[in-house]
Amino acid sequence: MLGEYRIEGRRASEIAASVERGVAGGALEPGQLLPPMRELAGVLGVNPNTVAAAYRTLRERGVIETDGRRGSRVRATPATTARGSIRVEAPPGVRDVSRGNPDPELLPPLGVALAEAARREAERPGLYGEAPVDADFARLARAALDADGVPDGPIAVTSGALDAIERVLAVHLRPGDAVAVEDPGWGSLLDLVPALGLRPVPIPVDDEGPQPAALAGALRDGARAVIVTDRAQNPTGAAVGPERAEALRRVLADHPDVLLVEDDHGHGIVDLPLSPLAGVTRHWAFVRSVAKAYGPDLRVACLTGDAETVDRVLGRQRLGPGWVSRLLQRAVAHLWATGAVDPAAVAGAYAERRDRLVRALERRGVEAHGRSGMNVWVPVADETGAVTRLLAAGWAVAPGARFRLGAGPAVRVTVSGLRAADIEPLADAVALAAGPAPARSYG
């Protein structure tokens with residue numbers, strides 16, 4: 001069953017660590033069946049309850065999954081092997097369009113904003129026991145949320161969108177709970193959910209976002225939470241429009257106890273209006289990070305939601321990092337207040353590159369998706385072959401395996417670094433690499 005790998009240990013923690021070493025080192029492969037608990041207990045000379053505790057720990061860490069009488073097996077994408085490791089390193093001379101980073105030329109300079117935050121710090125140093133959220137940050141964040149129709153709620157600040165989502169899931173869910181996630185979807189999120197001991201349930205995505213019928217089915221089957229990207233969905237560029245938002249709200253209204261988490265990381269780089277879903281369920285959270293528009297290294301995201309959810313997040317945050325640096329909050333508030341980023345100009349720049357590439361691929365008979373944001377999703381017949389052929393042609397793209405659970409093979413192209421002269425050569429290379437149109441679309 002395990003080949004030559006021997007699971008070792010006398011205590012549950014030792015057995016779990018032994019399995020994790022096997023997974024991380026490649027000796028235990030994704031999907032590999034583990035011994036039944038009583039059988040392994042006999043081999044190790046321990047009580048079956050000890051093995052059961054080890055398997056429970058491994059499930060909670062996202063390393064294995066258990067399917068009733070079918071037993072336990074290594075997850076297809078175990079948390080010990082992050083999706084970020086599924087990548088292609090661009091050798092010298094190869095253009096890297098795989099990273100998903102914003103264009104540095106479209107990010108604002110931070111010097112003045114950081115200097116202003118430092119000046120205020122010098123006037124009144126931030127100390128322990130103060131409010132975790134800067135007043136100016138909260139005021140400006142709430143005003144922007146109000147303008148976009150996000151329901152009223154208190155403001156919290158987290159270290160990026162993923163930190164916010166993790167905290168919200170952790171204060172509401174228990175290991176084993178099912179979470180509806182977009183498929184294809186954000187690779188880091190697809191790693192996070194099982195790492196928390198939760199069970200991801202894939203929801204197909206089209207250009208308008210999650211498909212309502214699939215979401216309805218997942219909720220009927222017991223999903224306790226759903227995570228939706230409002231705009232600039234990674235990797236497909238999907239954006240939830242008014243009609244799709246209304247359809248999703250109708251589905252959610254039938255399940256008022258489900259936890260809704262919305263990710264609006266596209267704020268500031270997308271010119272499509274927001275169609276929020278929040279307010280239908282009792283517990284909800286809306287996350288807006290500044291990474292794509294102002295700089296990933298700021299590590300600041302705004303979180304709002306129902307009062308109970310935000311209070312739980314703030315309470316748990318107090319027991320860990322305490323707060324996100326108010327210096328950084330003040331720097332972001334200064335950037336917002338001074339209009340350091342022109343969202344229309346930034347969105348237009350990304351849209352021009354993205355739309356040109358999509359149109360160029362369509363002229364070559366290649367299906368491509370990129371309604372918003374900085375990425376284009378291209379379904380392919382053979383993902384590994386397409387990635388390899390593109391690398392040989394001088395382009396490093398992101399393998400679709402980083403972003404999908406059950407969706408068909410594809411590659412992701414980030415347009416941030418592209419210029420007009422790059423579009424046609426890249427489209428030629430993608431068309432040659434993509435092969436015949438795949439039988440399954442990306443949704």
Query raised in the report: Is there a residue in the range 223-245 that is in the same structural domain as residue 282 (by TED's automatic domain parsing), surrounded by fewer than 18 Cβ atoms within 10 Å (Cβ to Cβ) and more than 24 Å from residue 377 (Cβ to Cβ)?
Result: no
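Within the range 192-211, is there a residue that is assigned by TED's automatic domain parsing to the domain that holds residue 273, in contact with a His (Cβ under 7 Å, 6 or more places away or on another chain) and either surrounded by fewer than 21 Cβ atoms within 10 Å (Cβ to Cβ) or in a helix (DSSP H, G or I) (or both)? Outline the logic, then answer.
Let us first name the residues in the range 192-211 that are assigned by TED's automatic domain parsing to the domain that holds residue 273, namely 192-211.
Filter once more, so that each one left must be in contact with a His (Cβ under 7 Å, 6 or more places away or on another chain): 207.
From the residues that got through so far, the ones that are either surrounded by fewer than 21 Cβ atoms within 10 Å (Cβ to Cβ) or in a helix (DSSP H, G or I) (or both) too are 207.
The answer is yes, given that some residue of the range 192-211 is assigned by TED's automatic domain parsing to the domain that holds residue 273, in contact with a His (Cβ under 7 Å, 6 or more places away or on another chain) and either surrounded by fewer than 21 Cβ atoms within 10 Å (Cβ to Cβ) or in a helix (DSSP H, G or I) (or both).
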Query raised in the report: Any residue in the range 123-140 that is under 23 Å from residue 276 (Cβ atoms) and in contact with a Pro (Cβ under 7 Å, 6 or more places away or on another chain)?
Result: no
Query raised in the report: Which members of the range 1-43 meet the condition of being surrounded by 15 or more Cβ atoms within 10 Å (Cβ to Cβ), of a type in the set (A, V, I, L, M, F, W, C) and part of a helix (DSSP H, G or I)?
Result: 12, 15, 16, 17, 19, 23, 37, 40, 41
Requested in this report: Find all pairs meeting these conditions: Cβ atoms under 7 angstrom apart; at least six residues apart or on different chains; first residue within the range 55-67 and polar (S, T, N, Q); second residue outside any helix (DSSP H, G or I).
Outcome: 66/72
Report summary line: If you go through 264, 271, the only one that is of a type outside the set (A, V, I, L, M, F, W, C), closer than 23 Å to residue 414 by Cβ and surrounded by 24 or more Cβ atoms within 10 Å (Cβ to Cβ) is 264
Report task. Could you tell me which residue of the range 124-183 is surrounded by the most Cβ atoms within 10 Å (Cβ to Cβ), considering only residues that are free of Cβ contacts under 8 Å to residues at least 60 places away in the same chain and in a strand (DSSP E or B)? Result -> 182
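Per-residue answers, yes or no, for (1) touching a strand residue (DSSP E or B) at 6+ places or on another chain (Cβ under 6 Å); (2) in the same structural domain as residue 354 (by TED's automatic domain parsing); (3) polar (S, T, N, Q):
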{"position": "122", "(1), (2), (3)": "no, no, no"}
{"position": "129", "(1), (2), (3)": "no, no, no"}
{"position": "135", "(1), (2), (3)": "no, no, no"}
{"position": "144", "(1), (2), (3)": "no, no, no"}
{"position": "147", "(1), (2), (3)": "no, no, no"}
{"position": "159", "(1), (2), (3)": "no, no, yes"}
{"position": "179", "(1), (2), (3)": "yes, no, no"}
{"position": "184", "(1), (2), (3)": "no, no, no"}
{"position": "190", "(1), (2), (3)": "no, no, no"}
**Report entry** Count of residues meeting criterion [out of contact with any strand residue (DSSP E or B) (no Cβ under 7 Å at 6 or more places or on another chain), modelled with pLDDT of 80 or more, small (Gly, Ala, Ser) and assigned to a loop (DSSP other than H, G, I, E, B)] in the range 45-101
**Finding:** 2
Report task. Among what's in the range 250-291 and is in a loop (DSSP other than H, G, I, E, B) and among the polar types (S, T, N, Q), pick the residue that is nearest to the chain's Cα centre (by Cα). Result -> 275
Query raised in the report: Would you call residue 401 outside the structural domain of residue 239 (by TED's automatic domain parsing), closer than 30 Å to residue 295 by Cα and in contact with a Ser or Thr (Cβ under 9 Å, 6 or more places away or on another chain)?
Result: yes
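Do we have residue 354 as surrounded by fewer than 24 Cβ atoms within 10 Å (Cβ to Cβ) and either assigned to a helix (DSSP H, G or I) or modelled with pLDDT of 95 or more (or both) here? Walk me through how you get there before you give the answer.
Values: surrounded by fewer than 24 Cβ atoms within 10 Å (Cβ to Cβ): no; either assigned to a helix (DSSP H, G or I) or modelled with pLDDT of 95 or more (or both): yes.
Answer is no for this residue.
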**Report entry** Set 376, 366: member being outside the structural domain of residue 185 (by TED's automatic domain parsing) and either closer than 14 Å to residue 185 by Cα or buried (at least 24 other Cβ atoms within 10 Å of the Cβ) (or both)
**Finding:** 376
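Restricting to the range 401-422, count the residues that are closer than 20 Å to residue 104 by Cβ, surrounded by 20 or more Cβ atoms within 10 Å (Cβ to Cβ) and not charged (D, E, K, R). Don't jump to the end; show me each part of the working.
First, the residues of the range 401-422 that are closer than 20 Å to residue 104 by Cβ: 412-422.
Checking the rest, the ones that are also surrounded by 20 or more Cβ atoms within 10 Å (Cβ to Cβ) come to 412-416, 418.
This time we only want the ones that are not charged (D, E, K, R), so: 413-416, 418.
The qualifying residues number 5.
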Report task. Go over the candidates 315, 320, 385, 348 one by one and state the one that is in a loop (DSSP other than H, G, I, E, B) and out of contact with any strand residue (DSSP E or B) (no Cβ under 8 Å at 6 or more places or on another chain). Result -> 320
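Only residues that are in contact (Cβ under 8 Å) with a residue 40 or more places away in the chain and assigned to a helix (DSSP H, G or I): list them for the range 212-223, please.
Kept after step one, since they are in contact (Cβ under 8 Å) with a residue 40 or more places away in the chain, are these residues of the range 212-223: 218, 221-223.
Result: 218, single match.
Looking for something over 22 Å from residue 142 (Cα atoms), modelled with pLDDT under 95, over 21 Å from the mean Cα position of the chain (by Cα) and not small (Gly, Ala, Ser) - is there at least one such residue anywhere in the range 319-340?
At the first step, the residues of the range 319-340 found to be over 22 Å from residue 142 (Cα atoms) are 319-321.
When the remaining residues are screened for being modelled with pLDDT under 95, the result is 319-321.
Add one more test, that the residue is over 21 Å from the mean Cα position of the chain (by Cα), and what stays is 319-321.
Narrowing further to those that are not small (Gly, Ala, Ser): 319, 321.
Checking the range 319-340: at least one residue is over 22 Å from residue 142 (Cα atoms), modelled with pLDDT under 95, over 21 Å from the mean Cα position of the chain (by Cα) and not small (Gly, Ala, Ser).
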**Report entry** Lone unmet requirement of (1) within 27 Å of residue 232 (Cβ to Cβ); (2) assigned by TED's automatic domain parsing to the domain that holds residue 413 for residue 93
**Finding:** (1)
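Quick one: which of 189, 107 is more than 30 Å from residue 57 (Cα to Cα), in contact with a helix residue (DSSP H, G or I) (Cβ under 8 Å, 6 or more places away or on another chain) and modelled with pLDDT of 95 or more? Even if it seems obvious, please write down each step before you answer.
Working: 189 fails: more than 30 Å from residue 57 (Cα to Cα).
Answer to the selection: 107.
The values are calculated or read from the model by the stated rules, or taken from the named source; none is laboratory data. Just so you know, these numbers come straight off a predicted model, no measurement behind them. Heads up, the Cβs are rebuilt from the backbone with ideal geometry, glycines too, and the neighbour counts pull from every protein chain shown.
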